[in-house]
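Student: Here's a structure for you.
The values are calculated or read from the model by the stated rules, or taken from the named source; none is laboratory data. Note that this is a predicted model, so its numbers are computed, not measured. All Cβ positions, glycine included, derive from the backbone under ideal geometry; neighbour counts span all protein chains shown. SASA here: full protein model, heavy atoms, side chains in, ligands and nucleic acids out. Shrake-Rupley method; radii C 1.70, N 1.55, O 1.52, S 1.80 Å.
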Amino acid sequence: MLLPDKALLSALLHRYRAWECLAEAEPRDPHTRRRRDDLAYTLCVLMGRRTPQEAVAEAEAYLGAARPRSSGPF
């Protein structure tokens, strides 16, 4: 499977999160929802996932942005 450019993916993920916050703040604004949904679709296609949640998780893992699990007591 071809993987997307990390810089492009990082920018898309950042924009998706920003539009997601705006959509939560203004849930009835169709423009905001449409932009968020367009970015979600793009992430899904790039990451080969069916849902935005899966695509975001996959993108974070690919970019190394996912929190590492603690192996120690702290």
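Student: Taking the condition open to solvent by 70 Å² or more (accessible area, probe 1.4 Å), touching a helix residue (DSSP H, G or I) at 6+ places or on another chain (Cβ under 8 Å) and modelled with pLDDT under 95, does Leu22 pass?
Tutor: no
Student: Moving on to the next point. Of all residues in region 42-55, count the ones that are open to solvent by 60 Å² or more (accessible area, probe 1.4 Å) and either in a helix (DSSP H, G or I) or at positive phi (or both).
Tutor: 3
Student: Go through region 19-41 and give me each residue that's of a type in the set (Asp, Glu), more than 13 Å from the chain's Cα centre (by Cα) and in a helix (DSSP H, G or I). I'd like the intermediate steps shown before the answer.
Tutor: First, pick out the residues of region 19-41 that are of a type in the set (Asp, Glu): 20, 24, 26, 29, 37-38.
Those still in the list that are more than 13 Å from the chain's Cα centre (by Cα) too: 24, 26, 29.
Passing the criteria: only Glu24.
Student: Output the residues belonging to region 4-18 that are open to solvent by 100 Å² or more (accessible area, probe 1.4 Å) and either in a loop (DSSP other than H, G, I, E, B) or over 10 Å from Ala59 (Cα atoms) (or both).
Tutor: His14, Arg15, listed by residue number.
Student: Give region 25-34 a look and list any residue that's open to solvent by 80 Å² or more (accessible area, probe 1.4 Å) and either in contact with a Leu (Cβ under 7 Å, 6 or more places away or on another chain) or basic (Lys, Arg) (or both), or say none.
Tutor: Residues satisfying the conditions are Arg28, Arg33, Arg34.
Student: Considering only region 6-16, I want to know if a residue exists there that is modelled with pLDDT of 95 or more, among the aromatic types (Phe, Trp, Tyr) and touching a Pro at 6+ places or on another chain (Cβ under 8 Å).
Tutor: Yes: one or more hits.
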